[in-house]
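The values are calculated or read from the model by the stated rules, or taken from the named source; none is laboratory data. All values derive from a computational prediction rather than experimental measurement. Counting neighbours? That spans all protein chains shown, and the Cβs are built from the backbone with ideal geometry, glycine included.
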Amino acid sequence: MKLLSNHLYIVSTPIGNLADITFRALKVLKNSDIILCEDTRRSIKLLNHYKINKKLLSYHKFNEKKQLANIIKQFNEGKILSLISDAGTPLLSDPGKLLVNECIQKNIKLVPVPGVSSITSALSISGFKDQFLFYGFLPKTEAELKKVLTSLCDNECSLVFFIPSIKINFYIKHFKIFFAGRKILIAREISKIHETFIREDIDKLNTFKAKVKGEVTVVISEKFLKTKRFDDKKIVNKAKKYLKKYSLKDTVNLILETEKTNKKYVYNLCLKLKNEKNY
């Protein structure tokens, strides 16, 4: 297999099990002059396992802009470069966008070398709708998270997120509010020794009592059309009226005093109106 200079090879690597790599990916890495990687300490384990001895160049979110000139210089010298991430398919919530756009500008050809992705791995066993939206990492602050989830809660596709395991309970609490009536798959440590899959109705999902470790990918099911859609103008008008005078919590309680409906939906509706200042 002959690789070409003036090409950047985007190589997918295992997300856990080192056997999950293609023959083509190994050949590309073995024939590269320089391998760009996020963390040389993690990448060297994969390369040592397959007896690949090539120059590694650190390329991560903190230095990607600074490294651009040096990388382009390597291309100009006729070097063959490949890009890998710490795990999975590069550029999906990983560094590389700046470099890819620079290559496009300078007519350096981009060659994807397909392989493993936790996104498609989790989706493939979810049983959920195969039309999906991949968001990546959600905001860490409550205010920003509410804005994002408000914009996503009416999306009828399956939704895929990366979740820091240390904050999983924080996100679960908000999922229960914004995605009531849907199902959830929590995939932890895919393809590793402690691989775990948790399937549950979001309404029934409990927070974790013990500390969760490892990489977590969350898939939320499509919005089920059988679920009653509470678009009653009477409720909306009441919400707009009460929000002018009362807090979000009081508004929800006042509506529920006279309307027999779903509390979580009323909360989501009022929160959406409040965020959009549509009252």
Inside segment 1-45, the number of residues satisfying the requirement of being of a type in the set (A, V, I, L, M) and within 21 Å of residue 119 (Cα to Cα) is 7
With 123, 145 as the choices, which residue is of a type in the set (A, V, I, L, M) and touching a strand residue (DSSP E or B) at 6+ places or on another chain (Cβ under 7 Å)? 123
Among (1) of a type outside the set (A, V, I, L, M, F, W, C); (2) at pLDDT below 95; (3) under 25 Å from residue 120 (Cα atoms) - the single one residue 246 does not satisfy: (3)
Which residue is modelled with the lowest pLDDT, if the candidates are limited to segment 160-191 and must be aliphatic (A, V, I, L, M) and more than 18 Å from residue 140 (Cα to Cα)? 180
Verdict on residue 2 being modelled with pLDDT under 95 and charged (D, E, K, R): yes
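For segment 65-85, how many residues meet the condition of being under 25 Å from the mean Cα position of the chain (by Cα) and buried (at least 18 other Cβ atoms within 10 Å of the Cβ)?
Taking segment 65-85 first, the residues under 25 Å from the mean Cα position of the chain (by Cα) are 65, 82-85.
Add one more test, that the residue is buried (at least 18 other Cβ atoms within 10 Å of the Cβ), and what stays is 82-85.
So the count comes out to 4.
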Restricted to segment 16-50, and to residues that are hydroxyl-bearing (Ser, Thr, Tyr) and not in a helix (DSSP H, G or I), which residue is farthest from residue 194 (Cα to Cα)? 32
Lone unmet requirement of (1) surrounded by fewer than 16 Cβ atoms within 10 Å (Cβ to Cβ); (2) touching a residue at least 24 places away in the same chain (Cβ under 8 Å) for residue 46: (1)
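Filter the helices (runs of 4 or more DSSP H) completely within segment 169-279 down to those with at least 2 residues that are among the acidic types (Asp, Glu) and surrounded by fewer than 19 Cβ atoms within 10 Å (Cβ to Cβ).
On the way: elements: 233-243, 248-258, 263-275.
Qualifying helices (runs of 4 or more DSSP H): 248-258.
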